[in-house]
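Below you'll find the structure, written out as structure tokens, and then a few comments.
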């Protein structure tokens, strides 16, 4: 006497064993199964192996549905500076410092923060383990070339001394305040927007103190 078992899984393509014997790949219908209580096992790479018991009746069809559970491992992400957005395989997971679980296997972790180069790291995540990923982000910079008439003026950017005209240097992108000062001349300040990969020319004509 025999019956049949219909096996469906989410996701599909799980291997099915009945009482330890390989019978097919989901979705599938297994015929000529001996009546009685049968152990139906579902397995798929990257997922937990799961088993259900089903009662098979003579001439009957038993349905077995299985939702597969993803194998996961832990990831802990930190960055210098902190506050970077973290994406795993394109999905946002948090802001550094942060910790979360992801499916096992090779994962692409992307760190991004305004004003810094985006950095991507590939890691291998294992079941039950915690993978620590720490990155140092690199500031995005642009070039500035400063000249003055007369030359020899001190140049400060956001309060930090950068040189004496004529001079050139790289500074973080964004809006910056550049101050030119020289003895016996009126100090002048200019606001500029610095962009990645570009050189901003800043020239001033200093006015003598009267």
Tell me, in nm to one decimal, what length is gained between residue 108 and residue 198 on full extension, where the rule is 0.36 nm per residue of separation less the Cα-Cα distance?
29.4 nm
Would you mind checking segment 78-116 for residues with the amide N under 13 Å from a putative spin-label position 7 Å along Cα→C-beta of residue 130?
78, 98-101
Describe numerically, in nm with one decimal, the distance between label points set 7 Å from Cα along Cα→Cβ at residue 149 and at residue 2.
10.0
Mind sorting 29, 109 by how few other Cβ atoms lie within 10 Å of their own Cβ, fewest first?
29, 109
What is the fewest-to-most order of 47, 65 by other Cβ atoms lying within 10 Å of their Cβ?
65, 47
Protection proxy ranking of 174-182, 51-59 - average other beta-carbon atoms within 10 Å, highest first
174-182, 51-59
Simple label model, 7 Å out from Cα along Cβ direction - residue 17 to residue 119, nm:
4.4
Determine, from the Cβ-Cβ distance of residue 190 and residue 138 and an R0 of 25 Å, the FRET efficiency 1/(1 + (r/R0)^6), rounded to the nearest 0.05.
0.40
Can you work out the FRET efficiency for the pair residue 205 and residue 43, with r the C-beta to C-beta distance and R0 = 45 Å, to the nearest 0.05?
0.05
Under a point spin-label approximation (7 Å from Cα along Cα-to-Cβ), what is the residue 160-residue 89 distance to one decimal in nm?
4.0
Just the Kirkwood number for segment 75-116, please: inverse of mean 1/r across all distinct Cα pairs, in Å, one decimal.
10.5
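None of the figures in this text is laboratory data; all of them are computed from the coordinates on show. None of the values given here were measured: they were computed from a predicted structure. Methodologically, a virtual Cβ is constructed for each residue, glycine included, from the backbone with ideal geometry; neighbour enumeration extends over all protein chains shown.
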